[in-house]
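A.B. asks: Below is a structure I'd like to ask you about.
Read the figures in this text as sums done on the coordinates, not as results from a lab. Predicted, not measured: the structure shown is a model, and the values here were computed from it. Virtual Cβ from ideal backbone geometry, glycine too; neighbours counted across all protein chains shown.
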Amino acid sequence: MIGRLAVRSLTAHPVRSAVLAAGFGVGVAVMAILLGVAGIVLEQAQAPALAGGGDVAIRLGPTTPARFVLSGTLQSDALRPRLRTAAPSHTTDLFLIRGGRATRVSARGGIPSLERALNDPETASMDAWRDSPEDIAWVDAPPDLLLRQIDRFHSIPEGTEWSSSWAEWLYFNGRSDEAGFYLTFLVGPRTASGARAAGVRLQLDRGGRVESFTGRAELADADLAAAPDLTIGGSSVMLDGMQYRIHLDLRGAAGTRALGDLTLQATPGRLVPPIEITGARGWRTGYVVPVMSGALDGHLEIDGTRISLAGGRGYHDHNWGFWEGVSWQWGQAQEGDLSVIYGRVFPPREAADPETLPGFVGVLGPDGPLGYSTDVRIVEEDDGAGRPKTIAVRARGSALELDLRFDVASAVVTRMEQGAPAGGMDFLQMRGSYTVQGRTGSRDIAFSAPGAAETFRVR
């Protein structure tokens with residue numbers, strides 16, 4: 001019936017119908033042409049040649065330092081031989097004030113020698129533009145300078161209700177044929193004297209038995225200025241080039257002594273850049289992984305018994321922020337040239353809705369990140385006694401589809417009191433085995449490997 005009415009309406013006024021149809025056709029054609037032209041103009045506006053030459057333009061967000069790309073990702077074995085020149089530049093708006101009137105000018109800054117290497121016509125004829133000492137430092141910056149930059153300690157943000165719960169720590173874990181360990185160098189909030197409470201904790205897993213060793217001290221802010229070089233009591237961390245050198249001298253509950261030296265080797269580009277989450281009332285927390293997977297060496301002595309860590313693999317991350325009322329889920333595994341990491345932070349409700357913060361899963365290969373996703377589901381199945389038995393992680397994204405299953409073999413439980421609900425919380429550090437299946441990009445992933453995980457339980 002509707003179709004018959006439409007036909008009769010069009011045939012009753014054929015001239016008007018023809019003009020209307022022609023008008024619609026012209027309108028659609030003009031819109032298609034405008035969209036096509038706009039797409040071409042946008043593509044040309046983003047061309048590397050217009051940005052100062054070169055073949056590829058990499059645009060970074062405001063929170064990603066250019067040095068991270070120059071000294072990190074672009075130094076991977078797959079990319080470094082293919083690069084002729086990598087030149088950083090920055091664009092911003094300047095305002096010229098004259099006669100009470102302000103004129104906005106778009107400005108771009110870069111390193112003159114690198115701009116000329118890219119055949120930038122603007123700098124080619126300006127002989128007066130020469131590299132400053134700061135420019136030369138950018139050009140010659142070694143990868144370990146980036147490592148120090150992302151692994152530095154942060155000052156405590158003042159004037160927030162969370163200040164008394166600020167803490168920052170260097171975390172390491174690793175495993176060899178003889179043992180596995182968790183190691184934390186932690187610096188907490190200020191004490192009444194104005195100093196910072198600090199401690200070292202080693203949890204050693206050998207033969208299915210876990211032993212804990214600790215050391216404590218108080219540090220001044222000046223003691224943290226050289227971090228990640230850090231000394232707490234008789235134990236220390238030192239970054240030597242791309243290698244972390246760790247010395248331990250700790251005591252156990254029964255008076256046993258853990259003494260030893262170990263090293264962890266970092267690799268340019270094989271890291272997770274700094275991630276920081278902020279919330280209401282000045283709340284913030286941050287996380288970076290300077291060593292996703294590195295060669296482990298050295299040994300420990302427990303009351304004279306020598307434990308070798310030679311030939312093992314290790315991991316290192318760095319956390320900072322306000323931790324009152326905060327919990328998290330985290331896990332990490334590595335196999336061959338692949339490293340997988342997942343996590344999710346649950347902030348206090350006064351800072352943010354814990355349900356709205358997504359989790360993440362990331363996969364790194366031998367030359368840096370392969371894929372990541374924030375569409376993540378983490379399900380923990382308990383053993384009936386309030387402890388995780390298995391953890392299932394599902395990640396879906398345009399470049400990553402991954403399923404992980406973690407079977408818990410052992411857990412170290414630490415009682416947490418500060419900011420916890422009535423009765424307190426337990427912090428669980430677990431070891432076990434991961435089964436990983438899926439893909440990232442065009443690469444299929446399927447492996448089983450030992451790994452670590454962390455979670456919390458309300459007592």
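A.B. asks: Using a/c under 1.5 as the rounded threshold, could you call segment 85-219 rounded, prolate or oblate? The axes a ≥ b ≥ c are square roots of the C-alpha gyration tensor eigenvalues, and prolate needs a/b larger than b/c, oblate otherwise.
C.D. replies: Cα axes put segment 85-219 in the oblate bin.
A.B. asks: Please report the relative contact order for segment 214-294, taking Cα pairs under 8 Å with a sequence separation of at least 6, and give it as a percent rounded to a whole number.
C.D. replies: So the answer I get is 19 percent.
A.B. asks: Work out the length of the dipole vector of segment 325-459 about its Cα centre, built from +1 on the beta-carbon of each Lys and Arg and -1 on the beta-carbon of each Asp and Glu, and round it to the nearest 20 debye.
C.D. replies: 160
A.B. asks: Among S212, G180, M238, whose Cα lies farthest out toward the positive end of the dipole of segment 176-238, if unit charges sit on the beta carbon of Lys, Arg (+1) and Asp, Glu (-1)?
C.D. replies: S212
A.B. asks: Rank these for me by crowding, S89, S327, going from fewest to most other beta carbons within 10 Å.
C.D. replies: S89, S327
A.B. asks: Note down the nm distance, to one decimal, between modelled labels 7 Å out along Cα→Cβ at V105 and at R190.
C.D. replies: 4.4
A.B. asks: Using only alpha carbon pairs under 8 Å that are at least six residues apart, calculate the relative contact order of segment 252-326 and give it in whole percent.
C.D. replies: 33
A.B. asks: What shape does segment 161-231 take by its C-alpha gyration tensor, where a ≥ b ≥ c are the square roots of the eigenvalues and a/c under 1.5 counts as rounded, a/b above b/c as prolate, and the rest as oblate?
C.D. replies: prolate
A.B. asks: Choose one of L364, S398, P347: the residue whose Cα lies farthest towards the positive end of the charge dipole of segment 325-459 (beta-carbon charges +1 Lys, Arg; -1 Asp, Glu; about the Cα centre).
C.D. replies: Farthest towards the positive end: P347.
A.B. asks: If you find the alpha carbon centre of segment 315-394 and of segment 255-308, how far apart are they in angstrom?
C.D. replies: Computed from Cα coordinates, the inter-centre distance equals 17 Å.
A.B. asks: With a/c under 1.5 counting as rounded, go ahead and sort segment 302-459 into rounded, prolate or oblate using the C-alpha gyration tensor (a ≥ b ≥ c being the square roots of the eigenvalues; past the cut-off, prolate if a/b is larger than b/c, else oblate).
C.D. replies: Oblate.
A.B. asks: If I take every Cα pair under 8 Å that is 6 or more residues apart in segment 306-400, average their sequence separation and divide by the length, what percent do I get for the relative contact order?
C.D. replies: Computed value for segment 306-400: 17 percent relative contact order.
A.B. asks: By what distance, in whole Å, do the Cα atoms of segment 242-346 stretch along each of the three principal axes, largest value first?
C.D. replies: That works out to 51, 38, 21 Å along the principal axes.
A.B. asks: So, by mean Cβ neighbours within 10 angstrom, what's the order for 238-246, 342-350, 189-197 with the highest one leading?
C.D. replies: The packing order, highest mean first, is 342-350, 238-246, 189-197.
A.B. asks: While we're here: How do 97-104, 134-141, 406-413, 158-165 rank on mean C-beta neighbours within 10 Å, highest first?
C.D. replies: 406-413, 158-165, 134-141, 97-104
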